[in-house]
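Beneath this line is the structure, given in structure tokens, with notes to follow.
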Amino acid sequence: MTEKINASGQCLCGAISIEVTGAEREIHACHCSMCRRWNGGAPGFATQVDSVTFNGEENLGRFESSAWAERGFCKACGSSLFYLLKPDTYIMNVGCFDDPDVFELHGEIFCADKPSMYALAGDHPRHAQMP
């Protein structure tokens, strides 16, 4: 089982700050087309958390990206914050945390969808789809 930590962070403009408990240190990069569009072309680096508290929730936008999930973002600056697997499993974008160096890339998913223009370094599992 992966080590879990508590972490804090915010969106680009600071209108939303977050406090999470139980963030998994071992993260995955997702290369699916939705994550790449959501992140502006790069893969999504994310960690599942036990719980999250949002400060500035009036600035939080939600987009239902599928019947089973929604994506959260800051309405003021557009920062991508989370993927919510309904009903209550939050998977947070690692880029919003104050100290992303506490996380370590453990694997990649949807590599069959990855564009050829980039490759992530390191020796970790790479899955064509969701394992």
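Calculate the spin-label point distance for Ser8 paired with Asn39, positioning each point 7 Å from the Cα along the beta-carbon direction, and give it in nanometres.
2.5 nm
Based on the Cβ-Cβ distance of Asn55 and Met130, what FRET efficiency does E = 1/(1 + (r/R0)^6) give at R0 = 25 Å, to the nearest 0.05?
Using R0 = 25 Å, I get an efficiency of 0.20.
Sort out for me the Cα centre separation of the range 17-33 from the range 104-122, rounded to whole Å.
Going from one Cα centre to the other spans 15 Å.
How long is the gain from Thr89 to His106 if the chain were fully straight, where each residue apart is worth 0.36 nm and the alpha carbon distance is subtracted?
This chain segment gains 4.2 nm when fully extended.
What is the distance, in nm, between label points placed 7 Å from the Cα along the Cα-to-Cβ direction at Glu19 and at Ala119?
Reported label-point gap for Glu19 and Ala119 is 4.4 nm.
Cut-off 10 angstrom, C-alpha nodes, Gaussian network model of the chain. Which of Ser51, Ser116, Ser79 fluctuates the most?
The residue that fluctuates most here is Ser116.
Where a ≥ b ≥ c are the square roots of the eigenvalues of the C-alpha gyration tensor, would you call the range 6-57 rounded, which needs a/c under 1.5, or, failing that, prolate if a/b is larger than b/c, or oblate?
Oblate.
Can you give the helix-only mean residue ellipticity at 222 nm for the chain, where every DSSP H stretch with n ≥ 4 adds -39500 (n - 2.57) and the sum goes over all residues, rounded to the nearest 500 deg cm²/dmol?
Taken over the chain, the calculation gives -1000 deg cm²/dmol.
Mean-square fluctuation check for the chain, GNM, Cα pairs under 10 Å: which of Cys111, Cys11, Cys30 is largest?
Evaluated over the chain, the most mobile residue of the options is Cys111.
Laboratory data are not the source of any read-out in this text; all were calculated from the coordinates shown. Computed from a prediction, not measured in an experiment: that's the story for all the values here. Note: ideal-geometry Cβ built from the backbone for every residue, glycine included; neighbour counts use all protein chains shown.
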